[in-house]
Amino acid sequence: MDDEKRLSYFFLGLGIGVAAGILFAPKAGEETRRMLRDKAGEGKDYLRRRSEELREQATDLADTAMERGRETLNRQRDSFSAALDAGREAYREASTRVTGDA
């Protein structure tokens, strides 16, 4: 099917859809517009609330991740310090044995 026919069928379908919507609309125009406005307002409020909730969750997750990172860093630092101290002690003992043996 070539593009011109597709476009024609699209507009035909669009027209039929609009006509059916107008014919079968359960409420008058003003009522429908008011209902759509109200629903749009509700949707806007919902999105605002949901975005605030998501922002709070993201902040909490970031805080938790940073705290875990700090804890991990502190553990690694303590392990490194202990290993460094053990290495220094081993060096002192080895140098004392070498110096004492000489």
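Give the angle, between 0 and 90 degrees and rounded to the nearest 10, that separates the Cα long axis of helix 29-101 from the longest principal axis of the Cα atoms of the chain. Once rounded, one gets 10 degrees.
With the helix formula -39500 (n - 2.57) applied to DSSP H stretches of n ≥ 4, the chain reaches a computed 222 nm mean residue ellipticity of -34500 deg cm²/dmol.
Directionally averaged projected area (the chain, Cα convex hull): 16.8 nm².
No lab work stands behind these numbers, since they all come straight from the coordinates. Predicted, not measured: the structure shown is a model, and the values here were computed from it.
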